[in-house]
Amino acid sequence: MSIVASAAATLVILVGTHALLRDRIAANQHHAALSPLLAAFPVVQRQHITLQIAGSLDDTDALGLRASTPFYRAFDGEKLIGWLIPAVARQGYNGDISLVTAINPAGEIIGTQVLDQRETAGLGDRIDRAKSKWLDTFNGHSLSNPSEGAWYVTRDSGRFDAITGATVTSRAVIQAIRYTLLYFQEHRTDFLAAGDAQISADSTHE
């Protein structure tokens, strides 16, 4: 092989290796970016789930959002298993609590994940999955299980226990989840049809 041919072959290998590394790095970065969102799903499901941006939501009243925020369709293989819907609980003890709730087509909660919070260390910050399993309390529930009127802490005659010493934080998260369920119920037709379109708060429904 001539020097020129050898150099050309080496260049091809280097270019191919660079492209492979670039794609791998991009894939890793993408996975890292989605990891906090995937944490809304049970551990046994996470490795099988892929998320696809379905559009954006900007409802400040129903969901408490302060800016247009992506929502996702969740797939297990090719099967659509639900949607990942963002919300902001504005009544946290120390301010906004940003979260996402995964809801299946039947309107049942698959799981919830807090993305950002500034609640009191050792008390309200136990909404963080790394510090307690309190968020799992809501898995499998819907607006009819329990009834909508029971979506409160037990102290307020509701169904759900508050985190000890953090009733305000608990109330805020529970109400954000309830509002997310209500939003899904009211816009269910839109979610089922959602592609890249914006879902507006004043959409008409059947």
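Annotation: amide H of LEU57 within the under-5 Å range of THR69, PHE71, sequence separation 5 or more or interchain, hydrogens built in the peptide plane.
Legend: residues LYS79, LYS133, sorted from most to least accessible area (1.4 Å probe; ligands, DNA and RNA excluded), read LYS133, LYS79.
Ranking LEU63, LEU123, LEU34 by solvent-accessible area of protein heavy atoms (1.4 Å probe, all protein chains present), from largest to smallest, gives LEU123, LEU34, LEU63.
When +1 charges are put on Lys and Arg Cβ atoms and -1 charges on Asp and Glu Cβ atoms, the dipole computed for segment 80-206 relative to its Cα centre reaches about 500 debye. Taking the Cα-to-Cβ direction at GLU186 and at ARG159 and moving 7 Å from each Cα, how far apart do the two end points lie in nm? In this crude label model, GLU186 to ARG159 measures out at 2.1 nm. Surface listing: ARG188, ARG118, ARG46 arranged by accessible area from highest to lowest gives ARG118, ARG188, ARG46, probe 1.4 Å.
The values are calculated or read from the model by the stated rules, or taken from the named source; none is laboratory data. Nothing here was measured: the structure is a model prediction, and the numbers come from that model. Methodologically, a virtual Cβ is constructed for each residue, glycine included, from the backbone with ideal geometry; neighbour enumeration extends over all protein chains shown. Accessible surface areas use protein heavy atoms only, side chains included; no ligands, DNA or RNA. Shrake-Rupley method; radii C 1.70, N 1.55, O 1.52, S 1.80 Å.
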